[in-house]
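Read the structure below first, then the notes.
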Amino acid sequence: MGLNFSTQLDNRMLEYLKGRADVLLNDVRPHCREQYAAAFLNKVWNEVEPRPSQSPQLLKNKVLVDTQQVIAQGYLMQHVENRKKWKECYFVMKASYHLEYYETKEAEQRKQKPEGSVLLSGYILLNTMKDYRDMLHRSWPHFNGIADTSWEEQCMNCPSGHPLFLWHRYRPHLLLCCHSADDQDIWSTLLSDAIRHLNTVIYRRDSFEVRAFLEAVRMYRQQKGQYGICDLYLGSETEILSNLVMEDLCPVLESQLVPHVRGPESKRKPTWLKMIGEMYAMVEAQITEGFQTMLRENEEQSLHLEKTVRPDFNQILTSKKQLVKKIQASFGDRVRWCCEEQVRPHLTSVGDRVAVLMKTSLLETRRLFSEEVSRVISLVKSKEHNYSSLIEACRQLQRLPYQSVQMHRCYENTETLTQSLSELPPRFAFAGDRFFTQRAQTVINQLLQDAVYTFQHLLLSAQTAGGLSAEINQLLNNTRVRVLKKLDSDSTAAVRQFVRDSLLEIFLPYVLKTLEPFCKAELPTYEAYLSADDDDGQGVIQAESAYNELVLHIVSGEINKGTLFVSESFNPLPMLEGENSNTWI
């Protein structure tokens, strides 16, 4: 296996990487089957006995964006590793948030194949050379102190002094240089928005299949003593699984391969980064193929569960409740003690900080929406109430949630979530700061999408293509206030839910980890209480899942008691200047 600068991975290493990916898939597969069955049971349970929930006031935006629509384009300098120099390329970002680059603008206009493309999920955007250098040193400390000054000078000697570094632990890095400070600000917000969108793609699909997958990943990592959310959970299912492979693989690679990386010292770090990128690509390809097989297995399991769970649902549910009752009698007091003594003292302070940040961000979102609607009203007035001008104004408003530069105002406060959570005691060992920040931004973006969609729906449904009514000015103002009231209501609910979800992600892993030595070993004894009807291998009821649900229920109850302040203190957002609360319709 060559470890010099120019050698690709040899066949022995390729087979080894494929084998490690297959091992991961085989280890995760039983968890996926168990959690899929458990999630299916809960889905049926929720259909039979729906849980009470607050209905949103805003209409859900169901308009699909044209993913081929170009949202940003322009020339940037890119560092080309194999040429050891900076080269100007024409970059294009579409609404799919995939970044492509061409040799020239004319090549893109002629629909030629791009020189390359970058899937931005999992990347971290860095705006200074120092930040990029520090990230390199932290991520691969084995190379710290090695004389790679010449390589760093080539990479970091940005021609214009306005760099953008896209860092990924496993994928090739992208080193860009903007022509001006303004370009740097614009592309920075665009790339950050793209990363956030692709990182959270799985969490925007609210389905029992997604919940089952994420729970299976949690169970797999908990089995290895690793608790809590982290950057491994960002991206699609295949990326998450690929990250799990690399999490296990990298310590082995570092100990066995790093000492044997050959070549001049100035090239050793680039050689290693290139090798890691190739390894990750091979792992991801193998995981993608294996995951398709898992999806087919899920379809077969779903058909079987439909035939077995629904007819015997009442009996299965009774068996589950009996099992949970027995587990609660054994472990309930211990879980409650842990919550009361270890978790409760921190709930109010952490929850309050998170709530304030979200409220501030949503206030800015409300302000942005109101300002843009005011612009729509002014445009319609200036066009003498022409119906086509109303349609065009609404079309422009529809693009607002996808305007990264404008949306950055709404996202800024969420960037301080990391600082707000830094005061947590070390024993909670929380590593999901970036996950929280991007999920908060996704909540904000979705609320604005729904507000824009609701405004358009209410306004256009009151008009006909034959012309505008004489009271269009009043209708526009009334619709704005009506939607703002709905946005206030949904924002209140969103803050409350985000705080609870965040506290759960912080404290639930701690409780599970703390109690594992006392509870985990006793769980197999409860398998005897499972229903005899569950002997077909489907695993609809499992003692460990029942125990996890019990802990979740107790921790959630403690959080709900500790976050009552959110509903009391988060009043509807104040009316902005020029808004008349009496125009409610």
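Looking at the stretch 119-146 only, could you name the residues that are open to solvent by 60 Å² or more (accessible area, probe 1.4 Å), at pLDDT below 85 and either under 17 Å from Lys85 (Cβ atoms) or assigned to a loop (DSSP other than H, G, I, E, B) (or both)? Result: Asn144, Gly145. When the stretch 156-185 is filtered for residues that are assigned to a helix (DSSP H, G or I) and open to solvent by less than 10 Å² (accessible area, probe 1.4 Å), only Met156 remains.
Checked against (1) assigned to a helix (DSSP H, G or I); (2) farther than 30 Å from Arg310 by Cβ, Pro30 passes all but condition (2). No other residue among Leu17, Leu76, Leu64, Leu59 is assigned to a loop (DSSP other than H, G, I, E, B), among the hydrophobic types (A, V, I, L, M, F, W, C) and surrounded by 15 or more Cβ atoms within 10 Å (Cβ to Cβ) apart from Leu59. Please go through the stretch 310-320 and pick out each residue that is surrounded by fewer than 16 Cβ atoms within 10 Å (Cβ to Cβ) and either of a type in the set (Val, Ile, Thr) or under 20 Å from Pro425 (Cβ atoms) (or both). Hit for the stretch 310-320 is Thr318, nothing else. Looking across the stretch 321-350 at every residue that is acidic (Asp, Glu) and within 33 Å of the chain's Cα centre (by Cα), the one that is nearest to Pro425 (Cα to Cα) is identified as Glu341.
Looking across the stretch 330-370 at every residue that is farther than 28 Å from Ile506 by Cβ and of a type in the set (A, V, I, L, M, F, W, C), the one that is surrounded by the most Cβ atoms within 10 Å (Cβ to Cβ) is identified as Phe369. Out of Val210, Val217, one residue alone is under 19 Å from His31 (Cβ atoms) and either of a type in the set (D, E, K, R) or buried (at least 17 other Cβ atoms within 10 Å of the Cβ) (or both). It is Val217. Inspect all residues belonging to the stretch 286-299 and state whether any of them is under 30 Å from Lys18 (Cβ atoms) and either of a type in the set (Gly, Ala, Ser) or more than 33 Å from the chain's Cα centre (by Cα) (or both). Yes, the stretch 286-299 contains at least one residue that is under 30 Å from Lys18 (Cβ atoms) and either of a type in the set (Gly, Ala, Ser) or more than 33 Å from the chain's Cα centre (by Cα) (or both). Regarding the stretch 385-399, can at least one residue be identified that is of a type in the set (Ser, Thr, Tyr) and closer than 30 Å to Phe507 by Cβ? No - not one qualifying residue is present in the stretch 385-399. Applying the criterion of being touching a helix residue (DSSP H, G or I) at 6+ places or on another chain (Cβ under 9 Å) and open to solvent by 20 Å² or more (accessible area, probe 1.4 Å) to the residues of the stretch 426-437, the residue that is modelled with the highest pLDDT is Arg434. The single condition from (1) at pLDDT below 90; (2) under 30 Å from Ala429 (Cβ atoms); (3) not aromatic (Phe, Trp, Tyr) that Cys394 fails is (2).
For the stretch 238-268, the candidate set comprises residues that are buried (at least 20 other Cβ atoms within 10 Å of the Cβ) and among the charged types (D, E, K, R); within that set, the residue that is modelled with the lowest pLDDT is Arg268. Is at least one residue of the stretch 404-412 touching a residue at least 60 places away in the same chain (Cβ under 8 Å), touching a Pro at 6+ places or on another chain (Cβ under 9 Å) and among the aliphatic types (A, V, I, L, M)? Yes, the conditions are met somewhere in the stretch 404-412.
Give the stretch 224-237 a look and list any residue that's among the hydroxyl-bearing types (Ser, Thr, Tyr) and open to solvent by 20 Å² or more (accessible area, probe 1.4 Å), or say none.
Hits for the stretch 224-237 are Tyr227, Ser236.
Whether any residue in the stretch 29-44 is open to solvent by 80 Å² or more (accessible area, probe 1.4 Å) and free of Cβ contacts under 8 Å to residues at least 12 places away in the same chain is what I want to check. Within the stretch 29-44 (the criterion being open to solvent by 80 Å² or more (accessible area, probe 1.4 Å) and free of Cβ contacts under 8 Å to residues at least 12 places away in the same chain), the answer is no, since none of the residues qualifies.
Of all residues in the stretch 361-386, those that are modelled with pLDDT of 95 or more and β-branched (Val, Ile, Thr) total 1.
The values are calculated or read from the model by the stated rules, or taken from the named source; none is laboratory data. If you're wondering where the values come from, they're calculated on a predicted model, not measured in any experiment. Note that each Cβ is placed from the backbone with ideal geometry, even for glycine, and that neighbours are counted across all protein chains shown. Keep in mind that these areas ignore ligands, DNA and RNA; they rest on the heavy atoms of the full protein, side chains included. Shrake-Rupley method; radii C 1.70, N 1.55, O 1.52, S 1.80 Å.
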